[in-house]
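Written below as structure tokens is the structure these notes are about.
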Amino acid sequence: MRKERSLVIGAAGQIGIELVIKLKEMYGAENVIAADIRPPHAEEVADVHFEHLNILNHEQLESILEKHKVDVVYQLAALLSASAEKQPDLAWDLNMNGLFHILNAARKGLVKRVFWPSSIAVFGPTTPSVGTPQITVCEPNTIYGISKLAGERWCEYYHAKFGVDVRSLRYPGLIGHRSLPGGGTTDYAVDIFYKALERGSYESFLSADTRLPMMYIEEAIRATIELMEAPAEKIKIRSSYNLSGIDFTPLELAEAIKKDISDFTISYAPDFRQKIADSWPQSIDDSVAQSDWGWKTEQTVDDLVSIMLTELRKKKLISETSHN
Ligand code: AKB
């Protein structure tokens with residue numbers, strides 16, 4: 001029997017690169033197609049077939065699906081929270097029509113399963129902010145959050161009306177060492193590691209005590225693949241599942257970094273992203289994901305800091321050696 005073939009759209013982005021690497025490891029390079037408006041920059045994905053794709057072009061999308069006989073699509077192309085506030089029209093167009101094009105392709109039978117990421121941004125200032133439950137008040141006040149909430153409703157609708165097997169996770173802030181995120185409110189938690197190693201100091205655009213839900217990216221990839229491989233009858237939520245890893249503040253993250261880099265210093269200069277962060281939950285309850293499809297994770301801030309610093313130090317060594 002032929003293995004399922006996956007298409008990752010947004011493959012050059014923070015999540016896309018990691019997902020392509022993992023899918024390739026699991027199913028072989030011949031069963032993964034990477035698509036984006038620019039090729040991914042990572043040696044590990046050099047042997048994966050790349051297609052240039054603007055997700056707003058649905059004809060191009062459908063021809064790629066047919067050409068490669070794709071079974072599963074991961075549609076990750078989107079504008080994140082901070083960028084979306086600056087370019088609301090583009091954010092709405094990309095975040096909504098990108099999803100519609102995939103949902104319509106699945107409705108036509110061109111793919112079997114669709115993954116589409118939602119976010120903690122679907123919650124807003126009126127949501128209970130500690131241990132935010134799966135079903136609760138969702139009144140987002142950001143363009144990104146509004147697009148994600150609308151997208152969740154569309155996913156549920158396409159599943160109920162047309163039987164589309166679409167699955168989704170509400171990602172927290174994702175932290176990884178392979179690539180930088182772009183345009184998000186949780187980006188500080190990646191950037192801080194680069195600056196800690198380069199300069200020994202970091203100026204945070206969020207205040208010291210801003211607590212947000214976060215997750216190491218490999219855990220988010222594991223959750224994504226486990227969700228996509230679960231039997232359809234276990235997926236009872238067709239809008240999007242809450243997903244929880246760890247939560248911390250910039251101050252707590254800096255304290256954990258100081259255990260390794262003792263002279264590391266942090267200062268705070270909150271900007272427009274503070275307001276976005278203040279509207280989001282501090283921690284998430286993902287017990288529904290746990291009971292529906294068996295999700296389980298254990299992480300600590302110290303584990304995260306140790307992985308990030310180790311991997312970024314290795315990367316620096318490699319780039320120094322390759323320049324010698
Ligand atoms: C962002 O900060 O916009 C994203 C998210 C939480 O969805 N990382």
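Numbers at a glance
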quantity	calculated
Relative contact order, percent, region 6-173 [alpha-carbon distance under 8 Å, six or more residues apart]	20
Between region 135-151 and region 209-242, the alpha-carbon center distance in angstrom	17
Value of [θ]222 nm, deg cm²/dmol, for the chain, DSSP H segments ≥ 4, -39500 (n - 2.57) each, nearest 500	-12500 deg cm²/dmol
Accessible surface of I37 - all protein chains present, 1.4 Å probe, nearest 10 Å²	110
In degrees, nearest ten, helix 98-107 long axis to first principal axis of the chain (Cα)	30
Inter-site label distance for E4 and T136 at 7 Å from Cα along Cβ, in nm	3.0
Percent accessible area from carbon and sulfur atoms, the chain, protein chains only, probe 1.4 Å	52
Environment charge of K22, counting only residues whose C-beta is closer than 13 Å and scoring Lys/Arg +1, Asp/Glu -1	-4
Cα gyration tensor shape of region 6-173, rounded if a/c is under 1.5, else prolate or oblate by comparing a/b with b/c	prolate
Relative contact order (%) - the chain, alpha-carbon pairs under 8 angstrom, separation at least six	17
Reach of K24 by Cα under 18 Å, taken over lysines that are not fewer than 8 positions away in the same chain	K3, K69
Solvent exposure ordering (accessible area, 1.4 Å, most first) of H52, H101, H41, H159	H41, H52, H159, H101
Solvent exposure, largest accessible area first (probe 1.4 Å, DNA, RNA and ligands not counted), of S240, S129	S129, S240
Of K22/K112; K112/K148; K67/K108; K195/K275; K22/K316; K148/K234, pairs whose Cα-Cα distance is over 18 Å	K22/K112; K112/K148; K195/K275; K22/K316; K148/K234
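The values are calculated or read from the model by the stated rules, or taken from the named source; none is laboratory data. The structure displayed is predicted, hence computed values, not measured ones. Because the Cβ atoms are built from the backbone with ideal geometry, glycine has one as well, and the counts that use them run over all protein chains shown. Side chains included, ligands, DNA and RNA excluded: accessible areas come from the protein's heavy atoms. Shrake-Rupley method; radii C 1.70, N 1.55, O 1.52, S 1.80 Å.
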